[in-house]
Amino acid sequence: MRLSARVDYALRAAAELAVADEGPVTAEQLARAQAIPGKFLENILTQLRRAGLVRSQRGPVGGYWLARPPGEISLADIIRAVDGPLANVRGERPEHVDYDGAARSLQQVWIALRASERAILEGVNLQHLVTNELPETVRSLAEDPDAWVNHTHR
């Protein structure tokens, strides 16, 4: 899986919003806190606002805040808002690609890949992230990334 800079920045900015005290946080504050280029961040925040994940207010006391509690916003929600579907093949959903001959099984591989990505990214929300209380499955995989691979190849 390849994560774009836009996704990385969006997740980091959302994490900062999840721990923000009362009141809006300016784009400049978010950019400074996570060393994100300001103009790039403005575009990301617009995408997150359009997706209904953040709200904004203009003016001298303006800024951004999460539209829902951090426990209700998954990492997958943020990724989809700024980068589109989690897994696609040449811009298509895996169910919509067909292969012939020796490559026929590739479609099933892409569907399984998307399912595993979704299981992790939809299972981790901003609350998990900012409290460092990740779900057990994620912690286990992070602590021993080869365990699942070794287990499936027996």
**Dipole magnitude of the chain, debye to nearest 20 (Cβ charges: Lys/Arg +1, Asp/Glu -1, about Cα centre)** = 520
**Prompt:** In the chain, with Lys and Arg counted as +1 and Asp and Glu as -1 at Cβ, which of these residues, Q127, P69, G38, has the Cα nearest the positive end of the dipole, that is, farthest along it?
**Reply:** G38
**Request:** From the C-alpha gyration tensor of the chain, pull out the three semi-axes of the equivalent ellipsoid (sqrt of 5λ each), sorted largest to smallest, in whole Å.
**Result:** 33, 19, 12
**Message:** How long are the semi-axes of the equivalent ellipsoid of region 16-96, defined as square roots of 5 times the Cα gyration tensor eigenvalues? Whole Å, largest first.
**Reply:** 27, 14, 11
**Message:** Can you give me the C-alpha center-to-center distance between region 48-71 and region 101-115, rounded to a whole angstrom?
**Reply:** 38
**Request:** Note the angle between two axes, namely the Cα long axis of helix 5-18 and the longest principal axis of the Cα atoms of the chain, as a number of degrees from 0 to 90, rounded to the nearest 10.
**Result:** 50
**Request:** For the chain, find the longest principal axis of its Cα atoms and tell me its angle to the long axis of helix 106-121, 0 to 90°, nearest 10.
**Result:** 40
**Prompt:** Does anyone have the angle between helix 38-50 and the longest principal axis of the chain? Alpha-carbon axes, 0 to 90°, nearest 10?
**Reply:** 80
**Request:** Diagonalise the Cα gyration tensor of region 83-154 and give the resulting equivalent ellipsoid semi-axes, square root of 5 times each eigenvalue, largest first, whole Å.
**Result:** 28, 18, 7
**Item:** Label-point separation in nm, A35 to A5, each point 7 Å along Cα→Cβ
**Value:** 1.4
**Message:** Before I look further, what does the chain give for accessible area per residue, probe 1.4 Å, in whole square angstrom?
**Reply:** 64
**Request:** Find which of L141, S116, A14 sits farthest along the positive direction of the dipole of the chain, computed with +1 on the beta-carbon of Lys and Arg, -1 on that of Asp and Glu, about the Cα centre.
**Result:** A14
**Prompt:** Rounded to a whole number, what % of the accessible area of region 1-95 do carbon and sulfur atoms account for, probe 1.4 Å?
**Reply:** 46
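The values are calculated or read from the model by the stated rules, or taken from the named source; none is laboratory data. The model shown is predicted, which means the values in this text are computed figures rather than measured ones. Quick reminder, even Gly has a Cβ in these numbers, built from the backbone with ideal geometry, and neighbours come from all protein chains shown. To get the accessible areas, we keep the full protein, side chains included, count just its heavy atoms, and leave off ligands, DNA and RNA. Shrake-Rupley method; radii C 1.70, N 1.55, O 1.52, S 1.80 Å.
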